[in-house]
Structure formats: C-alpha cells, structure tokens
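Bear in mind that the values in this text are calculations on the coordinates, not laboratory data. The shown structure was predicted, so the numbers you read here are calculated from the model rather than taken from an experiment. For neighbour counting, all protein chains shown are included, and Cβ atoms are generated from backbone atoms with ideal geometry for every residue, glycine included.
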Amino acid sequence: MSELIAAKNISVFREGRSVLRDVSVTIGHGDFITIIGPNGAGKSMLLKCLMGFYQPDKGEVVQSSDLRIGYVPQRLVTDQSIPISVKRFLNLRKKSDAVIFQKIVQETEIDRLLDQPIAVLSGGELQRVLLARALLDQPTLLVLDEPAQNLDITGQLAFYRLIEKIYRENKISVLMVSHDLHLVMSATKNVLCLSGEVCCYGEPSSVAQDPAFITLFGEDMAKMMAS
C-alpha cells in the first residue's frame, strides 16, 4: 500500500456512548497532519486506533509493512527517587547506533542534558528528550499527542519550530494532536477537525473557512488562522 496508515469508516463505542463515528483518514509518506477538536472529541482514541493500540468496534485500520512509529506522549511522570540520567533513559530499550544517537541528540538540542537526572528537567527539556527517544527508532511516522500542552508560550513556539525542522530535514511523516493550531500552521500540511466524527479536513486556510470549524472554534480562531 502507498499509505503508511489507512483507516476506513472506524467507529468506537464506550459504555453505550459513541466516541468515534465513521471516521476515515489516510496518512501517506511526507504527510504532516494535525488533529484538532474540543475536549472529548475522540482525538486520543483516534491516535490509539491508528497506531494499533485499540481495535475499533467497526471499520478497519490497515498499516503498511514499512510503518515504524515514534511516539511522543503528552507527559512522562518521573520517579524522583530514581536518579536515572537522560542518556541512560534514552538507551533503556535498546542500544542505539552511536552515529545515529549523536545525530539525534544534536537535532533535538539535548547535548548538555545527557548526564542530568531526568527527574530534574524542565517541561520543555523533558519533551525534547521524549522526542529524541521517539526518533531513535528511526520512525517513518512521528506521532505526537498534544506534546506542548504543559509548556509556556515560549516553550511551545520553540518545540513546534523543532518539530517543523525535523519534519523538513528528515522527510518523515508527522501526525499530531494539538490545541495550538495557530502555532503550527506553517508546518502543518493538512488539518483534521474532529468532534466524534470528521467535521472537516484539508489545508489550514481552507479548514478555517469551513462552517463546521467556525461553529466549534469561533470566528476569532478562524480569523487568526486566516491571517
């Protein structure tokens, strides 16, 4: 298959409630797709289904044979009593090739953090470490679930610029959930607006003019995206 992931008409029900309804989306090579939507829209559930962590109740998700996922969660809760260093954390699962390891360390700008305990890192520093860890798997698809949610505005801007740089230079696909669409517009190729079902999909400028988007997010956000 030419796509990395193809989801067709997937639906998920929880305790008699519809979480996702008839959602279809494809992620191809070189795509950068940002999923947006209000709280409870099913964004994280959609990610779980696309990555194969959760089986939808209806529909199907097909993954290509060359799919390798690097995943960056919202946060990592660290145990203050375990003084594991950043370098040790990055090598917990497997020993990386030294050249690749150094390249990713430099790309994510965490050189000075390698010997520091992971428990003392700031939010922005920790997210860069989690990003580096995801990239060590040399993914064909980088998946990020609201990765800048707990950062201040300066940290958000810096992190999104880093994601854009990695996307551009590494030629990998990116699938991201974000509330900060106005900050990621320059990098995002397409936006999927979700509210249990796909409300609209397309380039940011066209999605901003869609009545469904305006209903969910208001005129101010639409104007911000269009400017």
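Values for this structure:
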item	result
Positive-end residue, the chain charge dipole about Cα centroid, Cβ charges, pick of Ala158, Leu142, Ala187	Leu142
Lys, Arg +1 and Asp, Glu -1 on Cβ, resulting dipole of the range 47-163 about Cα centre, debye, nearest 20	280 debye
Relative contact order (%) - the range 9-95, alpha-carbon pairs under 8 angstrom, separation at least six	26 percent
Within the chain, percent of DSSP bridges classed antiparallel, to nearest 5	50 percent
222 nm mean residue ellipticity, helices alone, for the chain (DSSP H n ≥ 4; -39,500 (n - 2.57); rounded to 500)	-10000 deg cm²/dmol
Pairwise centroid distance, computed over Cα atoms, of the range 28-69 with the range 91-127, Å	27 Å
Contact order relative to length of the chain, as percent, for alpha carbon pairs under 8 angstrom and 6 or more apart	26 percent
Tally of Lys pairs whose C-alpha atoms are under 19 Å apart, taken over the chain, 8 or more apart or cross-chain	15
